[in-house]
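Colleague: The structure follows.
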Amino acid sequence: VIPGWFSEISPMWPGEAHSLKVEKILFQGKSDYQDVMVFQSATYGKVLVLDGVIQLTERDECAYQEMITHLPLCSIPNPKKVLVIGGGDGGVLREVARHSSVEHIDICEIDKMVVDVSHLDLLNFTVGYEDPRVTLHVGDGVAFLKAAPEGSYDAVIVDSSDPIGPAQELFEKPFFESVAKALRPGGVVCTQAESIWLHMHIIEDIVVNCRQIFKGSVNYAWTTVPTYPSGVIGFMLCSTEGPEVDFKNPINPIDAIENQTKSIGPSLKFYNQEIHSAAFCLPSFAKKVIEAK
Ligand SMILES: NCCCN[C@H]1CC[C@H](N)CC1
C-alpha cells in the first residue's frame, strides 16, 4: 500500500488494482454488514467505499446513477411506482425523482450506516431522500420483495454492490423470481451487472436466469465509470410478459421529463437519448455470450 493512496484490491478483479490519491479520511465505521469509509480524494471529490470497494465518487457517479435509473424509466410510458433495492447513498433516488409521472418510491437498503453516512453532508447525494414520494425501508431486499404483493411496481432498480458480501443473493435466481413477481405485466427491472471485461461468467449466469424468468425482453447495456473495475459497468434490463418494452428505443424521453419537473438536484450530466440507445451496442466477445443465451 502506498501512503496517501487508496487501492481497491478484490478477488473479483484478481491481479489488478485501481488507486486514488487520498487527501483526508472523512468517515470510517463498521456496520453490522460491512466496513464503511468516506474519503476526500485529490481529484475525484468525495468517495464512498464499502469493504474496500469503491461504490461511487463525486466526479463520476453521474454516469452510473443516471444510466441505472433512466435506462428502465425512459423505456416505459408512465412509471408510477418504483422500487430501489440497495442504493442507500441516495443517488438513484435523486434520479428517479426527475420523473414527474412517479407517484411513489420505495427504497430498501440493508445497511443503515450507509443511509446515515449519506445524510451527513459528507455525500451531497442525499437530495433524493427529501422527496415526499420516498419511503425508506431498512432491511433485506430479498425479504422485502418476497413480501411485496404481486404486480406492485412498474419498475425495480437493483443498485447493489458486488456479489461478495451483503449483495450476494441479489445476483441469484430466487431473487430475480421475486422481482418478476413484484412487477406488473410489462414492468421493468434494471440491475447492476458488473463488467464485460472482468465478469463474463457472472453475466452469463445472470442472462441465463433472466431469460428463464422474464418473458418480455432481456437486454444488457453498459457504460463507462472510470473508478469502477476496468472502467465500465453493465446493466441487465428485463421486462415481464405483457405490454412490449423496447429498451433500445426510449419512448419516454428524459428531455421532456427534464422540462416538466423542477429537478431537485443538479441537472443531467451524463444520460441522453443517444447514449441510451448506444449503451446496448456490445463488443463481439460479449454479444456472442449475451445474445446467444
Ligand atoms: N450505489 C452505489 C453503486 C453501487 N454499484 C456497484 C459498486 C461496486 C462496483 N464494483 C460495481 C458497481
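Colleague: How many residues are out of contact with any Phe, Trp or Tyr (no Cβ under 8 Å at 6 or more places or on another chain), among the hydrophobic types (A, V, I, L, M, F, W, C) and within 16 Å of the ligand (Cβ to nearest atom) when one looks only at the range 4-26?
Modeller: Number satisfying all stated conditions: 4.
Colleague: When you go through L183, L170 one by one, which is the residue that is more than 15 Å from the chain's Cα centre (by Cα) and not basic (K, R)?
Modeller: Criteria check complete, one pass: L183.
Colleague: Same structure again: L48 - would you say it is crowded, with 24+ Cβ neighbours inside 10 Å and under 29 Å from P3 (Cα atoms)?
Modeller: yes
Colleague: Do we find that L48 is part of a strand (DSSP E or B) and among the hydrophobic types (A, V, I, L, M, F, W, C) in this structure?
Modeller: Yes, satisfied.
Colleague: I would also like to ask the following. Test P11 against the stated conditions and say whether it is out of contact with any Cys (no Cβ under 9 Å at 6 or more places or on another chain), within 22 Å of S160 (Cα to Cα) and in a loop (DSSP other than H, G, I, E, B).
Modeller: Yes: the conditions hold for P11.
Colleague: Looking at I233, is it assigned to a helix (DSSP H, G or I) and touching a strand residue (DSSP E or B) at 6+ places or on another chain (Cβ under 8 Å)?
Modeller: In short, no.
Colleague: Here are some residues: Q168, Q192. Which one is under 24 Å from E61 (Cβ atoms), surrounded by fewer than 22 Cβ atoms within 10 Å (Cβ to Cβ) and within 16 Å of the ligand (Cβ to nearest atom)?
Modeller: One residue alone meets the criteria, Q168.
Colleague: While we're looking at this one, here's another question. Inspect the range 83-92 for any residue being more than 26 Å from L183 (Cα to Cα) and either near the ligand (Cβ under 9 Å from one of its atoms) or of a type in the set (K, R) (or both) and give the result as yes or no.
Modeller: Taking every residue of the range 83-92 in turn, none turns out to be more than 26 Å from L183 (Cα to Cα) and either near the ligand (Cβ under 9 Å from one of its atoms) or of a type in the set (K, R) (or both).
Bear in mind these aren't lab numbers, they're just calculated from the coordinates by the rules spelled out. Quick caveat, the model's predicted, so the values are computed rather than measured. Note: ideal-geometry Cβ built from the backbone for every residue, glycine included; neighbour counts use all protein chains shown.
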